[in-house]
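Q: Have a look at this one before I ask anything.
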Amino acid sequence: MRKLVLLLSAAWLMTAFAGCSEKEMNPVGFNLVDHEGHWQVHQAVIREILADSCIAISTGAGKGFYLLVGSWKGQEARSLLFFEDLPDSLELSLTGAKLILNAYSESNEDSILISAHALQTGWNDSTVTWEYPWGEAGGDFETEPIAQGSYAIIKGSQMQLDFTAAGLELVEDWLEGQLNNGLLLKTVDPAGDNLKYFYSTNTPFDPELELTFATSDTSDTTISVDSDRDAFIAQPGEPVTGDLLCVSDGVVHRSWIHFDTSAIPDSAFINHAILSLSISEFNSPLDKMTVGAYLVTEMETLTFSSSYSGTASLNSDKNLMEINVASLAQSWADGTLNAGIMLKIYSEYSDLSRALFYTSTSAPDSTHLPTLTVTYTTPPRGKLACHTRGGQVP
Amino acid sequence: MKHLSLNRAVLLIFFFLLAASAAQAGSIFSGNGLGEVVYAADARLRSMGGAGLALTRGLSGSLVNPALMGGLKVTALTVSSRPEALYVKDAQQENVLTSARIDNFALYLPLGKQFALSLDLRQQSDCRFKAYQITTVFDKVYTKAITRTGGTTLASVNLARRFGSSLYVGIRAGYVFGKLNQGLTGDFFDDDYLDTSVHSGIENTGSQLCAGLALKISRQFSVGAIFIPAYEVKQTETQYSSFSSATTVKRTLTNPLTFGFGLACYPSPKFLGQIDVTVSKWSNFKIDGQVAPGYTDVIRVAAGCEYRALKEGSASCFRKIPLRFGYTLEPWYLKTDDGEKIHGHFLTMGIGLPFGQQGAHLDASLELGMRGDISSVGAEEKIVRGTISIWGFERWFQRKK
């Protein structure tokens with residue numbers, strides 16, 4: 001009897017341990033809980049556009065990460081530098097000065113001859129453009145260069161522009177407290193494709209002015225001064241012709257597009273939302289561009305959110321831009337007024353790139369139409385709750 | 001293992017608990033309503049179809065009728081566990097699910113003067129519905145799932161007294177508690193797509209009373225009855241949803257009154273037969289005072305018998321082993337949307353294995369059942385359910401001679 005009891009107990013324990021294997025995929029029973037009542041996933045392909053426009057922005061390029069010098073496809077960029085906190089070393093004799101710029105390692109390898117010029121007009125990095133505040137477009141500067149250097153990019157390298165005698169005289173004037181409007185850097189050969197990128201004051205590798213003072217007949221000392229503000233100004237590119245949407249940096253353009261999203265029901269949960277724009281033209285010196293989609297919060301002023309909903313990376317191989325705007329579409333489903341989507345280059349003051357997109361009126365065919373494809377789920381019809389009856393769950 | 005002391009019984013209980021901790025999917029019908037209502041009984045009763053309202057032989061009947069522990073003289077402890085396998089099927093799919101669970105645990109204490117007290121912990125309702133389906137949505141692989149797990153447990157104190165040698169009266173006061181977790185999910189295989197989900201946690205608390213009565217009419221017959229008045233269970237549901245912010249809803253469920261009658265017959269020391277009829281008025285099930293639609297009264301009929309050879313000349317082993325058989329008609333308390341009732345039928349059988357010298361025994365039962373019907377209900381499940389129970393006895397508070 002004892003053996004029988006032990007045998008049965010052992011058999012039961014083995015059954016309990018080994019037999020408890022759930023078949024994970026068990027679709028049996030969906031019908032019992034109302035298969036159709038499990039929420040439904042829908043997809044809306046929206047091509048109905050209420051409004052769109054390409055907007056030119058005329059603000060300064062002082063917030064970018066790079067200073068651009070040179071030309072690309074006929075569009076020239078110049079950089080402005082201002083050194084304010086100069087040393088009080090009037091009793092010492094200035095024997096040398098050079099400007100040191102740190103190159104952005106992804107620049108192209110074409111050589112460039114860069115000259116530095118004293119600016120005649122004061123400027124503000126948040127407002128300065130190719131035209132403003134100059135008497136002459138491209139900046140009011142002394143024609144005689146105060147420093148000049150030939151530069152061919154070597155990854156991670158620095159560029160040094162040694163000041164001429166006129167340059168040293170200018171710096172001495174600054175040290176004496178005379179008018180200081182800063183420097184302008186430009187290419188000597190604006191006809192070539194020789195655009196170069198240098199890190200700006202908004203990065204840890206900001207430009208420096210290195211000053212050398214003689215402390216005696218045989219010794220000297222060197223003082224480095226960081227740039228206090230800088231910016232680059234870019235010559236306006238070719239105007240956008242035709243009904244196209246546009247994003248660009250350097251000379252900044254943004255685009256606003258307003259889809260009719262009335263097909264998306266309130267309280268829907270957005271699983272996925274893709275904005276697709278067919279690319280008409282893409283130009284980028286570095287063959288890359290990151291475009292962000294932002295929630296427009298006010299239609300009259302086209303104020304938009306500070307953070308993007310999604311981004312898309314473009315290059316010359318792509319002919320379609322797709323941005324995930326799920327969080328943006330969710331805002332609309334949650335009750336936020338749909339005032340459209342603002343498209344802009346994520347960092348607008350760091351390059352001379354531009355992308356043009358077809359609109360609903362300029363698209364050559366239906367495959368090039370701007371499209372917002374939203375995959376969404378509607379709430380279950382019934383509640384999955386222990387008190388409900390069979391057919392209403394869930 | 002000459003004696004199954006309480007210490008050894010406790011060790012066995014740990015084994016039971018360990019084994020049952022791997023509980024898996026249960027009835028596919030537990031996707032609705034309150035889940036599966038668990039009929040707490042030991043293997044002896046289950047092998048007799050679950051009948052026991054009038055069973056005055058042994059303590060098993062006290063699990064369904066608290067009066068039947070009146071007159072207890074020794075301390076007793078029992079635990080039951082139910083491994084089961086379900087072959088489930090609907091019009092499109094079929095599957096096999098297995099599970100194990102602890103049905104009940106009870107400690108009995110004699111109080112003297114024919115009084116007895118017991119502490120009882122039993123599963124009351126059980127949700128273990130898990131349904132997954134892989135499909136495609138707009139050319140994306142998509143898995144939708146419905147899960148319901150958890151349930152409620154009844155912790156109770158039972159007090160009973162035997163008057164004379166034939167009248168048993170008892171009462172059970174219990175606290176209902178437990179959490180039900182349920183969720184709907186829709187998962188895209190593509191990580192670029194956000195998954196949809198609604199998850200709820202439902203806390204249940206309430207109290208339940210049960211009164212029991214049994215009477216030995218003669219040496220051959222006894223009758224028994226129970227009455228459970230309608231009782232309230234408070235629910236607090238907290239829901240986290242993709243469609244809205246977290247919400248909390250409180251509601252009150254009014255569970256139905258239940259009453260039952262049983263008749264036991266002992267024509268000889270070798271044989272006993274019994275039949276129970278229990279009625280639960282689920283049609284009066286209410287949510288916040290409103291009668292919930294779709295619920296239907298449940299009339300549960302259980303009948304069974306027990307036979308002991310007790311025959312001189314038989315092998316000693318088989319002479320001691322009782323053989324049991326039974327049948328249960330156990331309808332589901334919810335109807336389908338079309339008003340179809342969900343029926344359940346079980347054929348039961350089992351044996352008892354006495355061991356030790358103080359009346360300890362291990363009972364085993366096997367139930368073969370079928371619930372639902374594809375043509376009328378949409379699904380069916382064939383159930384193979386085992387129950388293992390251990391009873392241990394020991395004299396407490398009494399000086400051993």
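A short reminder: the numbers here are calculations on the coordinates, not readings from a lab. Quantities reported herein were computed from a predicted structural model and do not represent experimental measurements. In this analysis, Cβ positions are derived from the backbone assuming ideal geometry, glycine residues included, and neighbour counts consider all displayed protein chains.
Q: For labels at residue B:179 and residue B:57 in the simple 7 Å Cα→Cβ model, what's the distance in nm?
A: Output for this residue pair reads 4.6 nm.
Q: Taking region A:75-234, how much of its Cα-Cα pair set, in percent, is spaced more than 28 angstrom apart?
A: Roughly 18 percent, rounded to a whole number.
Q: On full extension of the chain, what length is gained from residue B:195 through residue B:271, given 0.36 nm per residue of separation minus the C-alpha to C-alpha distance?
A: 21.3 nm
Q: Now for a separate question. From the P(r) of region B:127-268, can you give the percent of Cα pairs sitting at distances over 21 Å?
A: Every Cα pair in region B:127-268 considered, those over 21 Å come to 63 percent.
Q: Rounded to the nearest 0.05, what FRET efficiency do residue B:223 and residue B:249 give with R0 = 41 Å and r taken as the Cβ-Cβ distance? Could you check?
A: 0.40
Q: Against the longest alpha carbon principal axis of chain B, how many degrees, from 0 to 90 and to the nearest 10, is the axis of helix B:6-20 turned?
A: Helix B:6-20 and the main axis of chain B meet at about 20 degrees.
Q: Within 10 Å of each Cβ in peptide A:136-148, how many partner chain Cβ atoms are there on average? Round it to a whole number, please.
A: Mean inter-chain Cβ contacts per residue within 10 Å come to 0.
Q: Could you line up B:259, B:105, A:141 from fewest to most neighbouring Cβ atoms inside 10 Å?
A: So the residues, fewest neighbours to most, are B:259, B:105, A:141.
Q: Summarise the long-distance tail of P(r) for chain B by giving the % of C-alpha pairs beyond 39 Å.
A: The answer is 21 percent, as a whole percent.
Q: Another question about this same structure. Take every residue in peptide A:267-273, count the Cβ atoms of other chains within 10 Å of its Cβ, and give the average of those counts.
A: 6
Q: Can you tell me which of B:146, B:228, B:342 moves the most in a GNM of chain B? Springs connect C-alpha atoms under 10 Å apart.
A: Of the options given, B:146 has the highest mean-square fluctuation.
Q: With the radius of gyration and the Kirkwood radius both derived from the Cα set of the protein assembly as shown, what is their ratio Rg to Rh?
A: 1.27
Q: Let me ask something additional. What do the square roots of 5 times the Cα gyration tensor eigenvalues come to for region A:143-290, in whole Å, largest first, as semi-axes of the equivalent ellipsoid?
A: Over the Cα atoms of region A:143-290, the ellipsoid semi-axes are 47, 19, 15 Å.
Q: Same structure again: Just grab the label-to-label distance for residue B:341 and residue A:361, each label 7 Å out from Cα along the Cβ direction, in nm (one decimal).
A: Roughly 7.2 nm, to one decimal.
Q: Separate question: Net charge near residue B:188: determine it from the other residues with C-beta under 12 Å of the C-beta of residue B:188, scoring Lys and Arg +1 and Asp and Glu -1.
A: Value of the local net charge: -4.
Q: Next up: Modelled label-to-label distance, residue A:267 and residue A:238, 7 Å Cα→beta-carbon offset: nm?
A: The answer from the label model is 5.3 nm.
Q: I've got another one for you. Where the eigenvalues come from the Cα gyration tensor of region A:268-314, what are the semi-axes √(5λ) of the equivalent ellipsoid, largest first, in whole Å?
A: 24, 16, 11
Q: For every other residue with a beta carbon closer than 11 angstrom to the beta carbon of residue A:340, add +1 if it is Lys or Arg and -1 if Asp or Glu, then tell me the sum.
A: My count for the surroundings of residue A:340 gives -3.
Q: Using r as the Cβ-Cβ distance of residue B:91 and residue A:290, and R0 as 41 Å, what FRET efficiency do you calculate, to the nearest 0.05?
A: 0.20
Q: On to the next question. Which of B:298, B:141, B:233 moves the most in a Gaussian network model of chain B with Cα springs under 10 Å?
A: Residue with maximal mean-square fluctuation among B:298, B:141, B:233: B:141.
Q: Say the cut-off is 19 Å between C-alpha atoms; which of B:144/B:250; A:288/B:140; B:144/B:335; B:250/B:286; B:286/B:335 go over it?
A: B:144/B:250; A:288/B:140; B:144/B:335
Q: Which residue fluctuates the most in chain B, going by a Gaussian network model with Cα springs under 10 Å, if the choices are B:56, B:252, B:143?
A: Among B:56, B:252, B:143, the largest GNM mean-square fluctuation belongs to B:143.
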